[in-house]
1. For region 109-151, enumerate the residues that are closer than 16 Å to CYS404 by Cβ and open to solvent by 10 Å² or more (accessible area, probe 1.4 Å).
2. Only one of VAL289, VAL276 is in contact with a strand residue (DSSP E or B) (Cβ under 9 Å, 6 or more places away or on another chain) and closer than 22 Å to ILE393 by Cα; which?
3. Restricting the first residue to region 84-101 and requiring it to be without any contact (Cβ under 8 Å) to a residue 40 or more places away in the chain, which pairs with a second residue that is in a helix (DSSP H, G or I) and crowded, with 24+ Cβ neighbours inside 10 Å meet a Cβ separation below 8 Å and a spacing of at least six or different chains?
4. Mind listing just one residue for me: the one in region 165-191 that is assigned to a loop (DSSP other than H, G, I, E, B) and not aromatic (Phe, Trp, Tyr) and, of those, nearest to the chain's Cα centre (by Cα)?
5. What single numbered condition from (1) in a helix (DSSP H, G or I); (2) under 30 Å from PRO353 (Cα atoms) fails to hold for HIS116?
6. Here are the criteria: (1) buried (at least 17 other Cβ atoms within 10 Å of the Cβ); (2) more than 14 Å from ALA94 (Cα to Cα). Tell me which single one VAL70 does not satisfy.
7. Being of a type in the set (Phe, Trp, Tyr), within 25 Å of TYR261 (Cα to Cα) and in contact with a helix residue (DSSP H, G or I) (Cβ under 8 Å, 6 or more places away or on another chain): is that true of PHE320 here?
8. Quick one: ALA251 ticks every box in (1) crowded, with 21+ Cβ neighbours inside 10 Å; (2) modelled with pLDDT of 95 or more except a single one, so which number is it?
Amino acid sequence: MHDRARRTVLAVAAAAALFGAAARADLKIAYIDPLSGGAASAGLSAQKHIAFFTDRINAQGGLNGEKITVLSYDNKVSPQESLIMLKKAIDEGARIIMQGNGSSVAHAITDAVLKHNERNPGKEVLFFNYAAIDPALTNEKCHFWHFRFDADVDMKMQGLTDFIARDRNIRKVYLINQDYSFGKAVAAAATKMLAAKRPDIQIVGDELHPLQKVQDFSPYVAKIKASGADTVITGNWSNDMLLLFKAGKDAGLNVNWFTYYGGGLGSVPAIGRDGVGHLKHITEHHKNVLPQLLPEEVAFHQRFPDKADELFYWRLRNLFVMLEAAAKKAGSNEPAKLARALEGMKMDTPLGPMEMRADNHQLLQPLFVSTLSDKTKYDVEGSGLGFVTDAKIDADKTALPTTCKMQRP
């Protein structure tokens, strides 16, 4: 071979190798959630969690040699905006889509992901749902490309109503929730489960309000007071939770609060000591679950030292631990191979075993019902108040029947 020809061949080979290396330079994860507006506190908090866990993976060499790059998109809790962001993310090379805040958004994304994957074989994307918990998403709307890492509405309500059923002092319950698929699912689950477990309990109100648009909850609180309720059940989150607490505190509302997100960012400082002994929530983690903080919590606090920055989304920790394990098991970061590796995966965690159900892609993990207290080792957001465990529900005990009929490629 002539020198010129040899140099040409070598140059082409080098360019091809360089192009291949660039193509494999990173694994892009698109994060689509509210980063502005009334729900921004939840979205920005999760964004910090994602940065924390992906940086830890990248520091260890990434996944199968690929570093993770996170692309963030502000959807303002809008399904329509989310679909625009989803298309942009896929066009920019994202192979994993992450979203959590707003089941209405999750419905739009999961449908779009399924359609995209059916129309673009070999260019599929995965949808990792860390907080959108309408049960339909892993029942009639389930599909191979969607995985949920948070317990669904019914799983959580099962735990809350089991606790309520044992408290004979609870006689009148008021339901107040956000007016979209998630809030409606919370109300429906509470009504059904209370009727089965405590038919003597009277539901004295069932209120739905606009999502992240109410600035003053005092009219709603006035209705709760007028109803004579001794207990409120709510799935409210972000501003809708803390503003409801604030209005209740200002009005001197004396009730038990059974919540999904009563420990979310800003909520405990909003309710203050009025919540001691009265505010309960069900979560996969809280700071006093174990006698000492977990290593991830300590490292997170060091990375984000502001008192408002705490490791709240333990399920995001579980998500990335499972993603690492799936990538190692598959020996690939291709979405289809990752999905097959995730199906049925079982892992031990510091809080107990967890399992990704193969039949509907719903994560089973330990859940904790806890109560706000002024006598805890670790507090929330520097408030001097923290949560104490009332009951632990092992992962296998959280499983509920599913109507999912999974079709695999």
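1. Of everything in region 109-151, those that are closer than 16 Å to CYS404 by Cβ and open to solvent by 10 Å² or more (accessible area, probe 1.4 Å) turn out to be ASP111, LEU114, ASP134, PRO135, ALA136, ASN139, GLU140, LYS141, CYS142, HIS143, TRP145.
2. None of the others qualify; the one that does is VAL289.
3. Once the first residue is without any contact (Cβ under 8 Å) to a residue 40 or more places away in the chain and sits in region 84-101, no partner that is in a helix (DSSP H, G or I) and crowded, with 24+ Cβ neighbours inside 10 Å comes close enough.
4. So the residue we want is ASP179.
5. The number of the failed condition is (2).
6. Of (1) buried (at least 17 other Cβ atoms within 10 Å of the Cβ); (2) more than 14 Å from ALA94 (Cα to Cα), only one is false for VAL70: (2).
7. yes
8. (1) is the only condition that ALA251 fails.
The values are calculated or read from the model by the stated rules, or taken from the named source; none is laboratory data. Values in this document were obtained by computation on a predicted structure and should not be read as measured data. Neighbour counts run over all protein chains shown; Cβ positions are idealised from the backbone, glycine included. Ligands, DNA and RNA are excluded from the accessible area calculation, which covers all protein heavy atoms including side chains. Shrake-Rupley method; radii C 1.70, N 1.55, O 1.52, S 1.80 Å.
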